[in-house]
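> Sending over a structure as structure tokens; questions will come in a sec.
Coordinate-derived values only; no laboratory data. Just so we're clear, the structure is a prediction, and the values are computed from it rather than from any experiment. Virtual Cβ from ideal backbone geometry, glycine too; neighbours counted across all protein chains shown.
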Amino acid sequence: MRKELFKHEITLLRDTFGRLLRRHAQTNLIKLINKTHPADLAIVFRHFNDDEQVQVFDLMQGDGHTLEFLVELDDTIIEKLLNIKNPERIVELIQNASTNDQSYILGTLEQSQAKSVIDLLKKEEQEEIEEIMGYPDDSAGTMMATDVFTIYQDTTCSEALKTLQDQKDAEMVFYLYITNEDDSLVGVASLRALATTPSNTLLKDIMVRRVHSVRPETDQEDVAQIVAQYNYLAVPVVDSDERLLGIVTVDDVVDVIREEATEDFLQMAGVGKDREILLKSSWENAKVRLPWLFASWIGGVVAASVIGSYEYMLENIIALAAFIPVIIGMGGNIGTQSSTIIVRGMATGRIEIGNELMILVKELKVGLILGILYGVLLGLFANLRFIGTDPMLGLVVGLSIACSMLIAVTVGSFTPLVLRKLDIDPAIATGPFVTTSIDILGVLFYFVIAGILLNI
């Protein structure tokens, strides 16, 4: 119900914007822009054509509302909007943003344009942005907020509360990060603990000393896993000396989880890892998908060659040809299921180093059970459908589909595990690669079994 209501609200909002744009009612457009939540505005914005997007964006002011809106947009749209703006206008739009938001927005621009904008910022902002943009892509360093409040461990709770009240610019204070005389992070205290403890108590007496922190080079997916596993609202980012560089907040982690899931799904589907593929032109879309589909093409050619080499079997028993699509299809489906389960298990941390064999054996048992079940069903169907054919046809078909499904489960489960050992993203093992391997092996085993049992 809530989902349908949200859709209705977005549709109504889109229609209202459309009417105002057609009437060139700029005053009303500005009012509507300011009244619309940035996240909703970003959704509606995607439905505008290029001219409408430019018209609406030109009416926006360099304030917090516009900043929130920009951060919600897809990278491609941000680049398109800011590409036609001079550096001064871009500075006007992002000057009040946090350092990580500034870095994110500038990271969508061409390098020369981003540099022109950075040169116009304050020197301290330039240094922070250049440092953040120097970290690896999709790392904790590129996502962290640097405006973090820290306090010395020998401070009393009452002093800490008073100091905290003056920290208006600190990034979403969920926890109190506590340091020693060397400015190294030594503990963390919740705001609840701070508020419920006697005022003269020292912070070092109430802080939790075991702090889960990450380095700025840590992959964002690993950061997300820490947040999900321990239910943290923020994770501190520290350097080699344990000095606090920034924090990654839970709202950024939610975006990471969504992005990583999207990437995995796209890769498993064999369309690359570009999260914004729907925003690309037809030609760009085709170029991305071309190399991934090449594996399927190669597999199809090889499978066709295998079938061609057993042409004499098909001439003797034409009924064999009827079951090739079933054997290939069932194998491909269960192989994709297994690879999806394995990749997802590794992404969520449910498949850890040491329990891979147990998971593999479990999937093989599943493949064996399903293979036998569908083998029996398809074998019975073959004998009933082709009564005048060799009675061994049912056994050939049944045994072949059982083997095909067992092979598919093995390939679909084993390949991601091997790729992880080789430090390669397991998601790339799915899609065309897995299905192609299964197609070739399934057809090959089918004809080998047929040749043995039918004496052809």
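> In whole percent, what relative contact order does the range 2-139 give with Cα contacts below 8 Å and a gap of six or more residues?
Numbers: 94 pairs, mean separation 25.6, N = 138.
Relative contact order of the range 2-139: 19 percent.
> Using θ = phi - 60° and the Karplus form 6.51 cos²θ - 1.76 cosθ + 1.60, what ³J(HN,Hα) does each residue of the range 226-232 get, whole Hz, x for Gly and Pro?
Residue by residue, the range 226-232 yields 5, 4, 5, 6, 10, 6, 7 Hz.
> While we're here: Could you sort out which of Lys31/Lys80; Lys85/Lys122; Lys31/Lys123; Lys7/Lys85; Lys31/Lys122 sit more than 26 Å apart by Cα distance in this structure?
On the way: Lys31/Lys80 24 Å; Lys85/Lys122 20 Å; Lys31/Lys123 35 Å; Lys7/Lys85 32 Å; Lys31/Lys122 32 Å.
Violating the 26 Å limit, Cα to Cα: Lys31/Lys123; Lys7/Lys85; Lys31/Lys122.
> For the range 277-453, what does the alpha-carbon gyration tensor say about shape, rounded, prolate or oblate, given a ≥ b ≥ c as the root eigenvalues, a/c under 1.5 as rounded, and a/b over b/c as prolate? Kindly include the intermediate steps, with their values, before the conclusion.
On the way: a/c = 2.57, a/b = 1.46, b/c = 1.75.
Taking the square roots of the gyration eigenvalues as a ≥ b ≥ c, the range 277-453 is oblate.
> List the trypsin sites (Lys or Arg not before Pro) in the range 86-134 that DSSP assigns to loop (not H, G, I, E or B) and whose Cβ has at most 16 other Cβ atoms within 10 Å. Which are they?
Details: sites: Arg89, Lys115, Lys122, Lys123; in loops: Lys122.
Sparse-neighbourhood loop trypsin sites (Lys or Arg not before Pro): Lys122.
> OK, next. What is the distance in Å between the Cα centres of the range 83-156 and the range 1-64?
Cα centroid of the range 83-156 versus Cα centroid of the range 1-64: 27 Å apart.
> What spacing in nm lies between the two simple spin-label points modelled at Asn86 and Leu120, each 7 Å away from Cα in the Cβ direction?
0.8
> According to a simple spin-label model (label point 7 Å from Cα along Cα-to-Cβ), what is the distance in nm between Thr201 and Gln153?
According to this spin-label approximation, the distance is 1.7 nm.
> Averaging sequence separations of C-alpha pairs under 8 Å and six or more residues apart, then dividing by the length of the chain, give the relative contact order as a whole percent.
Working: 589 pairs, mean separation 49.4, N = 456.
RCO, the chain: 11 percent.
> How many nm is it between the label spots at Arg14 and Glu131, if each spot is 7 Å from the Cα in line with the beta carbon?
4.3
> Which angle from 0 to 90°, rounded to the nearest 10, does the C-alpha axis of helix 282-309 make with the longest principal axis of the chain?
It is inclined by approximately 20 degrees.
> Also, I was wondering about something else. Please list, ordered by chain and number, the residues whose modelled amide H lies under 5 Å from the amide H of Tyr152; skip anything fewer than 5 residues away on the same chain.
Under 5 Å from the amide H of Tyr152 lie the amide H atoms of Thr179, each far enough along the sequence or on another chain.
> Sticking with this structure for a sec: Based solely on its DSSP helices, what 222 nm [θ] is calculated for the chain when runs of n ≥ 4 H residues each add -39,500 (n - 2.57) and the sum is averaged over all residues, nearest 500 deg cm²/dmol? Numbers along the way, then the final one.
On the way: 22 runs with 298 residues, N = 456.
Calculated at 222 nm, the ellipticity per residue is -21000 deg cm²/dmol.
> Would you mind ranking Asp119, Asp439, Asp75, Asp63 by Cβ crowding within 10 Å, fewest neighbours first? If you can, show how the numbers build up before the last one.
Working: Asp119 10, Asp439 26, Asp75 16, Asp63 13.
With the fewest neighbours first, Asp119, Asp439, Asp75, Asp63 line up as Asp119, Asp63, Asp75, Asp439.
> Hand me the trypsin sites (Lys or Arg not before Pro) from the range 193-257 located in a DSSP loop with no more than 11 other Cβ atoms within 10 Å, in residue order please. Spell out each step's value before the answer.
On the way: sites: Lys204, Arg209, Arg210, Arg243; in loops: Arg209, Arg210.
For trypsin sites (Lys or Arg not before Pro) across the range 193-257 that sit outside H, G, I, E and B with at most 11 neighbouring Cβ atoms in 10 Å, the list reads Arg209, Arg210.
> Applying 1/(1 + (r/R0)^6) with R0 = 45 Å to the Cβ-Cβ distance of Arg192 and Glu79, what FRET efficiency is obtained, to the nearest 0.05?
On the way: r = 42 Å, r/R0 = 0.94.
Step by step, r from the Cβ atoms, then E = 0.60.
> Excluding same-chain residues fewer than 8 positions from Lys162, which lysines have a Cα within less than 22 Å of its Cα?
Straight-line reach from Lys162, under 22 Å: Lys204.
> How high is the relative contact order of the range 111-256? Use alpha-carbon pairs under 8 Å, at least six apart in sequence, and give a whole percent.
Details: 224 pairs, mean separation 37.6, N = 146.
Worked out over the range 111-256, it gives 26 percent.
> Hey, can you rank 221-232, 100-111 by average C-beta count inside 10 Å, highest first? Let's see the in-between values first.
On the way: 221-232: 16.6, 100-111: 19.7.
Those peptides, ordered most packed to least, come out 100-111, 221-232.
> With angles folded into 0 to 90 degrees, how steeply does helix 393-421 sit against the dominant principal axis of the chain? Use alpha carbons for both and round to 10.
Tilt of helix 393-421: around 30 degrees.
> Helix 432-453 sits at what angle to the longest principal axis of the chain, using alpha carbons and giving 0 to 90 degrees rounded to 10?
Around 20 degrees separate the two axes.
> Please report His24, His47 as a ranked list, fewest other C-beta atoms within 10 angstrom at the top and most at the bottom. Each step should come with its number before you reach the end.
Values: His24 9, His47 14.
Going from least to most buried by this count: His24, His47.
> Also, quick follow-up: Summing Lys, Arg as +1 and Asp, Glu as -1, what charge do residues with Cβ under 12 Å from the Cβ of Val188 carry, Val188 excluded? Before the final figure, lay out each step's value.
On the way: positive: Lys204, Arg209, Arg210; negative: none.
For residues surrounding Val188, the net value is +3.
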